[in-house]
Amino acid sequence: MAPTRLPDRRQFLALAAVAPLAGSGLLADPVRAASAPSSASPILTFRGNASRSHQGSGPLPRKFAPLWTFETGTHTEPLSGGRKRTWKGTGWSGQPALAHGRVYVPGLDGVLYCRDAINGAAVWEANAQDSIKGSPCLWGDRVLFGSRDNHLHCASLEDGKEFWSLACGGKDVDSTPAAVGDRAWFGAEDSYVYCVDPGGRVLWRTKTGGSIESSPAVVGGRLYIGSYDGYLHCLGSSDGSRLWTFPTGDDTDSSPVVVGDSVYIGCENGFVYRVDRKTGELRWRYRAGAGVWATPSVVDGAVFIASDDALVHCIDAETGQVRWRSDAVRGGMWGSTTVVDGLVVVGDWSGWLSALDARTGAAVWQFETGAYIVSSACIHAGRIYIGSRTGTFYCFGEAT
């Protein structure tokens, strides 16, 4: 679809500098802006920013309750033999984005929902042709989101109207874009890493050896991304040039997290790796008891990782030595931990959302949703936003 409105490069960079305030309706609505949690850093993409290192903002209470909920629709997928599969709720990685009083929820029914973050009121909806599994990326006056319809979509933050969509050569676009200035990057299941401009023009693409569900981290002119080919790839973000690869040994859907001079990433073979971000040299590796689809949280010198072994692991970020392992969760996990204000928040395959003490792994609070959770929590200004496969999306806050 052709863009309906395209600022020039200078205009877009000016918008991106205040992103996503521009296009949010808040500039023209001072009453609503005053009631929004604007003092907290926004969650612009999966894991908050382009380095995938921003966890969210507190303070968090120690007792939570649902403040509001809404129900997504359903999407029915025909299968062989006349069978059908129904999708509803939110999927993997499925973390909402949130900025200036609006939360953007990716639905497995193929709808991107824009809701008021304070009260859950509907603002607008944008539609894809199939499920939206990954997370949205807020970019200037627009939002990017991939879909199982094999497109990257770009819509207006103001009203959800589509500017353009880009067809990719595989089946799914589950990778969540990272955006810096007037460039955005994402991976697709056609095995390519893409770089696009605000108008949807492909500036470069680089092929890896397998499909990509990992979301790129972009820092200091370098892009890091995992692939089904069993490698962590480092590319030049300006031109897609190959700088180095690191062998993870298996399908790598986990997204890289860049903190300081290191890249942290998990792998389906159960390993978590720390590598030098400039050279790709291994610093350490840690093995969980089952596959790791989750993305690490690196907070205050510790690495927190959820695994399909039904354990949350806390590892020393410098040495790779285990600090604790917690079985306080109720099942295996594909969704990622979110660590804010001393709490590790994660959902599991048994349908429970847990908040663990970051120092010990002990359970502080748990809530049963009724169906499995593979999405990652968005934590902003002391509230927890997350969806479940029941079809319910929750906003949790302090219990009264």
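What follows draws every value from the coordinates through simple rules; no lab data is involved. Model, not experiment: these values are computed from the prediction. Here the Cβ positions follow ideal geometry from the backbone for every residue, glycine too, while neighbour counts run over all protein chains shown.
Starting with the highest mean, order 240-248, 334-342, 206-214 by the number of other Cβ atoms within 10 Å, averaged over the residues of each peptide.
334-342, 206-214, 240-248
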*Which value, to two decimals, describes the C-alpha radius of gyration of the chain once divided by 2.2 N^0.38 Å?*
0.90
*What is the total of Lys pairs in the chain with C-alpha atoms under 29 Å apart, excluding same-chain pairs fewer than 8 positions apart?*
12
*So if R0 is 30 Å, what FRET efficiency would A167 and R83 give, r being the distance between their Cβ atoms, rounded to the nearest 0.05?*
0.60
_Sequence ranges 366-372, 123-129, ranked by mean other-Cβ count within 10 angstrom, highest first_ = 123-129, 366-372
*³J(HN,Hα) across the stretch 126-140 via Karplus (A = 6.51, B = -1.76, C = 1.60, θ = phi - 60°), whole Hz, x for Gly/Pro?*
10, 10, 9, 9, 7, 4, 9, 9, x, 9, x, 10, 8, 9, x
*Net length gained if the chain between R287 and K63 were fully extended (0.36 nm per residue, minus Cα distance)*: 77.4 nm
*Let me see the pair-distance distribution of the stretch 316-400: every alpha carbon pair, 5 Å bin width, integer percents in order.*
3, 15, 26, 26, 18, 8, 4, 1, 0
*the stretch 9-398, dipole about Cα centre (Lys/Arg Cβ +1, Asp/Glu Cβ -1), debye to the nearest 20*: 300 debye
*How would you rank L98, L356, going from fewest to most other Cβ atoms within 10 Å of each one's own Cβ?*
L356, L98
*Placed amide H near T248: partners under 5 Å, 5+ positions off or other chain*: Y231, L232
*the stretch 345-359 versus the stretch 136-163: alpha-carbon centroid distance in Å*: 30 Å
*Which order do peptides 150-157, 194-201 fall in by mean Cβ count within 10 Å, highest first?*
150-157, 194-201
_Give me a comma-separated list of calculated 3J(HN,Hα) values for the stretch 217-222, in order, Karplus coefficients 6.51, -1.76, 1.60 applied at θ = phi - 60°, integers in Hz, x for any Gly or Pro._
9, 10, 8, x, x, 10
*Among bridges DSSP assigns within the chain, what percent are antiparallel (round to 5)?*
100 percent
*Choose one of L243, L343, V103: the residue whose Cα lies farthest towards the positive end of the charge dipole of the chain (beta-carbon charges +1 Lys, Arg; -1 Asp, Glu; about the Cα centre).*
L243
*Spin-label point model (7 Å from Cα, Cβ direction): what's the T74 to A371 distance in nm?*
0.8 nm
*What are the trypsin sites (Lys or Arg not before Pro) within the stretch 299-378 that DSSP puts in a loop, where the Cβ has at most 16 other Cβ atoms within 10 Å?*
R359
*Count the net charge of all other residues whose Cβ sits under 12 Å from the Cβ of W244, scoring Lys and Arg as +1 and Asp and Glu as -1.*
+2
*What list of ³J(HN,Hα) values in whole Hz, one per residue of the stretch 292-297 in order, does the Karplus curve 6.51 cos²θ - 1.76 cosθ + 1.60 (θ = phi - 60°) give from phi, with Gly and Pro shown as x?*
10, 9, 6, 9, x, 10
*asked:* I'd like the distance between the alpha-carbon centres of the stretch 199-254 and the stretch 173-195, rounded to an integer number of Å.
replied: 9 Å
*Out of residues 5 or more away from G332 or on other chains, whose amide H comes under 5 Å of its own, with H placed 1.01 Å from N in the peptide plane?*
A310, W349, S350
